[in-house]
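A quick write-up on the structure given underneath.
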Amino acid sequence: MSTIARGTVVNLGTRIAAIALGVSITLLTARMGTEAQGKFALLTSVETLLLALFSGFGVALARRVSHGGERPEQILGAPLWACLALGVGCAVLLAGVSMASTGAYGSLWILALGAPLLLLPSNLSGVWLGQGRMGPIGLVTVAGPLLTLLFFTGFWIADPTLTPDKVVAMLLSWALSRVVVGLFMLGRFWSAAVRLRQDWSSLRRDAAFIATIGATNLVGLMNYRADLFLVEHFLGLALTGVYSIAVMVAELLWLLSSAVTQAAYARIGVPQRDSAAQFAARIVHANLTVLLLVAPLLYISARFVLPLLLGPAYADASLVLAVLLPGVLSYGAASPLSAYFTNHAGRPQVPALVAGLSLIINVALCLVLIPRLGIIGGAVATTISYVTSVIVMLLLFVRHSGIGVGALSRPDFDDARRLALSICSVLRR
């Protein structure tokens, strides 16, 4: 576990830094008003959906490195050019939707500025993920929000009033950060696109896998964000801003679980089924133990801190958070099972189908509950859909791996303790 502990510490440290910067961005936009926060959350979620749809190249690269043992310089050229072409397509799409919209989506032209390079960081870093190199991934993760804050500071220095619309300055800063990070990744891997062999035949062979990953991630992210879009549809931007704050705080739990899962991703992808399954189960136990300890502390902290930082307009966010936390916790604990089916079994359609089931449940319940219960209805729908999908994923994993339900669902506190001790040892060193 020492390698996983070291990777977890590096990954967790950079994620904490990125989350702290992201929270700073959210605090700035939230204090501009609930409508400004709602607009920012809505538009950046649209961009995130595009990232999810075209994220399959990175997972395919990670699998070819970790599972197939291929060298990065043999496989990078074609995916790089494909990501650039798709990024230009995303820019055209965002600009077109912006021109056709008069409401909140009319500002999508700003995000179109960074779209041509949007897909490079998340996909090309798949090589590092397959190698288990958390350091470079962490640097790219931190760079985006850090540059956003720096650009926003520059706008503020140039015009302290930031008139007429402060949230436009934040969106411009967001788009410019995408350009800079994308240019860095392009420079880092440019030799693969220019001097090395363009392996288009392998990319064509991986096309079905990449498309399935993209569909899986898109459906999964829609499962995370459908409630946000439906809250805006039924209740408007102001309550969307309140709801987005609760979602942001709840998903901080995934900072821990995703850090452990990503550090373990390469080992979950080993060809031997027994080893991969047992290791995935151990990571599930570790995630569950840690999240059960952290979730109450997160709620208590948010309950007292949010009103002080954001004001009384966000008072309802704490109640929404309390309803969201059980579902977010269960979803985070089960994340290694998705990695098992994707990276080891090469069957991304399994988590895709489970996420699709969760999305259908979420949307159906949101349509019924949001008009009746307001933003609490969105939280109830999300939690029910998350818990249901986790139960289904557990049953599918048991069937595929042969690990018993009792052994999987019962937390291994000794294993979690050993992982915690390994992490502490790495921190001391």
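Looking at the range 382-396, I want the residues that are over 17 Å from VAL368 (Cβ atoms) and have a partner that is outside any helix (DSSP H, G or I) and modelled with pLDDT under 90 with Cβ atoms under 7 Å, at least 6 apart or on another chain. Which pairs are those?
VAL390/ALA334; MET393/ALA334; LEU394/ALA334
Tell me, please, whether a residue that is crowded, with 18+ Cβ neighbours inside 10 Å, closer than 23 Å to TRP174 by Cα, within 21 Å of the chain's Cα centre (by Cα) and at pLDDT 80 or above can be found in the range 60-70.
No.
May I ask you to list the residues in the range 315-338 that are more than 10 Å from TYR386 (Cα to Cα), touching a Ser or Thr at 6+ places or on another chain (Cβ under 7 Å) and open to solvent by 20 Å² or more (accessible area, probe 1.4 Å)?
Start the filter on the range 315-338 by keeping residues that are more than 10 Å from TYR386 (Cα to Cα), which leaves 315-323, 325, 333-338.
When the remaining residues are screened for being touching a Ser or Thr at 6+ places or on another chain (Cβ under 7 Å), the result is 323, 333, 335-336.
If the condition is that a residue be more than 10 Å from TYR386 (Cα to Cα), touching a Ser or Thr at 6+ places or on another chain (Cβ under 7 Å) and open to solvent by 20 Å² or more (accessible area, probe 1.4 Å), then VAL323, SER335 are the ones that fit.
Sort through ALA78, ALA36 and tell me the only one that's at negative phi, open to solvent by less than 40 Å² (accessible area, probe 1.4 Å) and in contact with a Leu (Cβ under 8 Å, 6 or more places away or on another chain).
The match here is ALA78.
From VAL247, VAL231, VAL180, which residue is over 20 Å from VAL142 (Cβ atoms) and out of contact with any Gly (no Cβ under 8 Å at 6 or more places or on another chain)?
VAL247
Can you give me the number of residues within the range 14-25 that are under 21 Å from LEU108 (Cβ atoms) and either open to solvent by 20 Å² or more (accessible area, probe 1.4 Å) or in contact with a Cys (Cβ under 9 Å, 6 or more places away or on another chain) (or both)?
Initial filter on the range 14-25 (under 21 Å from LEU108 (Cβ atoms)): 22, 25.
This time we only want the ones that are either open to solvent by 20 Å² or more (accessible area, probe 1.4 Å) or in contact with a Cys (Cβ under 9 Å, 6 or more places away or on another chain) (or both), so: 22.
The number of residues fulfilling the criteria is 1.
Would you please name the residue that is surrounded by the fewest Cβ atoms within 10 Å (Cβ to Cβ), looking only at residues in the range 380-405 that are of a type in the set (Gly, Ala, Ser) and in contact with a Phe, Trp or Tyr (Cβ under 8 Å, 6 or more places away or on another chain)? If you could, list the steps in order and put the result at the bottom.
Of the range 380-405, the ones of a type in the set (Gly, Ala, Ser) are 381, 385, 389, 401-402, 404.
Then keep just the ones that are in contact with a Phe, Trp or Tyr (Cβ under 8 Å, 6 or more places away or on another chain); that gives 389, 401.
Values: SER389: 26, SER401: 21.
So the residue we want is SER401.
What pairs come up if the first residue lies in the range 242-261 and is without any contact (Cβ under 8 Å) to a residue 60 or more places away in the chain, the second is crowded, with 24+ Cβ neighbours inside 10 Å and assigned to a helix (DSSP H, G or I), and their beta carbons are under 8 Å apart, counting only those six or more places apart or on different chains?
Listed pairs, sorted by first residue: none to list.
Between residues in the range 98-123 that are in a loop (DSSP other than H, G, I, E, B) and residues that are of a type outside the set (A, V, I, L, M, F, W, C) and open to solvent by 10 Å² or more (accessible area, probe 1.4 Å), which pairs lie under 7 Å by C-beta distance while being six or more apart or on different chains?
Matching pairs, first to second residue: GLY114/ARG178; LEU118/ARG178.
Show the residue pairs that are 6+ apart or on different chains and have beta-carbon atoms under 8 Å apart, the first residue being within the range 293-319 and assigned to a loop (DSSP other than H, G, I, E, B), the second being open to solvent by 100 Å² or more (accessible area, probe 1.4 Å).
As it stands, the answer is GLY311/ARG31, since those pairs meet every condition given.
Can you find a residue that is over 25 Å from GLY327 (Cβ atoms) and open to solvent by less than 70 Å² (accessible area, probe 1.4 Å) anywhere in the range 289-303?
Among the residues of the range 289-303, not one is over 25 Å from GLY327 (Cβ atoms) and open to solvent by less than 70 Å² (accessible area, probe 1.4 Å), which makes the answer no.
Return yes when SER101 is surrounded by 15 or more Cβ atoms within 10 Å (Cβ to Cβ) and not aliphatic (A, V, I, L, M) and no when it is not.
Details: surrounded by 15 or more Cβ atoms within 10 Å (Cβ to Cβ): no; not aliphatic (A, V, I, L, M): yes.
For SER101, the condition - surrounded by 15 or more Cβ atoms within 10 Å (Cβ to Cβ) and not aliphatic (A, V, I, L, M) - is not met.
Filter the range 121-171 down to the residues that are open to solvent by less than 60 Å² (accessible area, probe 1.4 Å) and over 30 Å from LEU76 (Cα atoms) and list them by number.
Those that are open to solvent by less than 60 Å² (accessible area, probe 1.4 Å) and over 30 Å from LEU76 (Cα atoms): LEU149, PHE152, GLY154, ASP159, LEU162, ASP165, VAL167, VAL168, ALA169, MET170, LEU171.
The values are calculated or read from the model by the stated rules, or taken from the named source; none is laboratory data. Just so it is clear, the structure is predicted and the values come from calculations on it, not from any experiment. We place every Cβ from the backbone using ideal geometry, glycine too, and count neighbours over all the protein chains shown. Protein only, heavy atoms only, side chains kept; ligands, DNA and RNA dropped before computing areas. Shrake-Rupley method; radii C 1.70, N 1.55, O 1.52, S 1.80 Å.
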